[in-house]
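Enquirer: This structure is in structure tokens; I'll ask about it shortly.
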Amino acid sequence: VRFEFGAGGCTLTLTTAGGTDLLGCGHQAWWHGETGVFRQRSVFERARCLSSGAWASEELFTMVVRLYETPFFHTVEAHFVGDELMLEVRVNVSLESLRPIVVTAQWGGG
């Protein structure tokens, strides 16, 4: 997991065993893109999306990713505390669980 923040938004890079995917996110704007981050079982591999995010506090960055050709949108909360990162990912509807996916990691931001 890697975040790169700039004046107009950020880029979230996720690297898994399946490969690397980038997800751009606008600040006070919706960015158009395509992502494979939120794969739905055999429904689609990549989906067109709109994403936007903002700092909710000094330690919490929240982004919303709308897969606009589907009924799905995902909320990603990135909690930065010291050198630790906790990601909480929620989906609005699911045929499986609505429980958030939580990932924790060490990060190099300090």
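The values are calculated or read from the model by the stated rules, or taken from the named source; none is laboratory data. Note that the coordinates shown come from a computational prediction; the quantities given were computed from them, not determined experimentally. No Cβ is skipped: glycine too gets one built from the backbone with ideal geometry, and neighbour counts run over all protein chains shown. Areas reflect the complete protein model, heavy atoms only, side chains present, ligands, DNA and RNA absent. Shrake-Rupley method; radii C 1.70, N 1.55, O 1.52, S 1.80 Å.
Enquirer: Using the Karplus equation 6.51 cos²θ - 1.76 cosθ + 1.60 (θ = phi - 60°), what ³J(HN,Hα) coupling, rounded to whole Hz, does each residue of region 53-61 give in order, writing x for Gly and Pro?
Expert: With the stated coefficients, region 53-61 comes to x, 7, 7, 7, 7, 5, 10, 10, 10 Hz.
Enquirer: May I pose another question? Of all the accessible heavy-atom surface of the chain, with the other protein chains kept in place and a 1.4 Å probe, what percent is carbon and sulfur?
Expert: Working: 3730 of 6970 Å².
Heavy-atom surface of the chain belonging to carbon and sulfur, 1.4 Å probe: 53 percent.
Enquirer: In nm, give the distance between the simple-model label positions of residue 90 and residue 46, each being 7 Å from the Cα along the Cα-to-Cβ direction.
Expert: With each label placed 7 Å out from Cα toward Cβ, I get 3.0 nm.
Enquirer: Residue by residue, what Karplus-based ³J(HN,Hα) values in Hz, rounded to whole numbers, does region 6-21 have, using 6.51, -1.76 and 1.60 with θ = phi - 60° and x for Gly and Pro?
Expert: Karplus values, whole Hz, x for Gly and Pro: x, 4, x, x, 8, 10, 9, 10, 10, 10, 10, 4, x, x, 10, 10.
Enquirer: With a point put 7 Å past each Cα toward its Cβ, work out how far residue 83 is from residue 103 in nm, to one decimal.
Expert: 2.1
Enquirer: Further, regarding this structure: Size of the dipole of the chain about the Cα centre, Lys and Arg at +1 and Asp and Glu at -1 on the beta carbon, nothing else charged, in debye to 20? If you can, show how the numbers build up before the last one.
Expert: Numbers: 8 positive and 12 negative charges, 85 e Å.
Using only the charged Cβ atoms, the result is roughly 420 debye.
Enquirer: Using only alpha carbons, build the gyration tensor for the chain and give me the equivalent ellipsoid semi-axes, biggest first, whole Å.
Expert: Three semi-axes, in Å: 22, 16, 14.
Enquirer: Also, I was wondering about something else. List the residues whose amide H sits under 5 Å from the amide H of residue 60, counting only those 5 or more places along or on another chain, with H placed 1.01 Å from N in the peptide plane.
Expert: Here the answer is 80, since their amide H atoms fall under 5 Å of that of residue 60.
Enquirer: Please list, in chain and number order, the residues 5+ apart from residue 46 or on another chain whose amide H is under 5 Å from its amide H, with Hs placed from the backbone.
Expert: It is none; the list stays empty.
Enquirer: Write down the percent of antiparallel bridges among all DSSP beta bridges whose residues are both part of the chain, to the nearest 5. Kindly include the intermediate steps, with their values, before the conclusion.
Expert: Working: 46 of 48 bridges.
So the antiparallel bridges in the chain amount to around 95 percent.
Enquirer: Leaving out ligands and nucleic acids, and using a 1.4 Å probe, what accessible area per residue does the chain come to in Å²?
Expert: On the way: 6970 Å² over 110 residues.
About 63 Å² of surface per residue is accessible.
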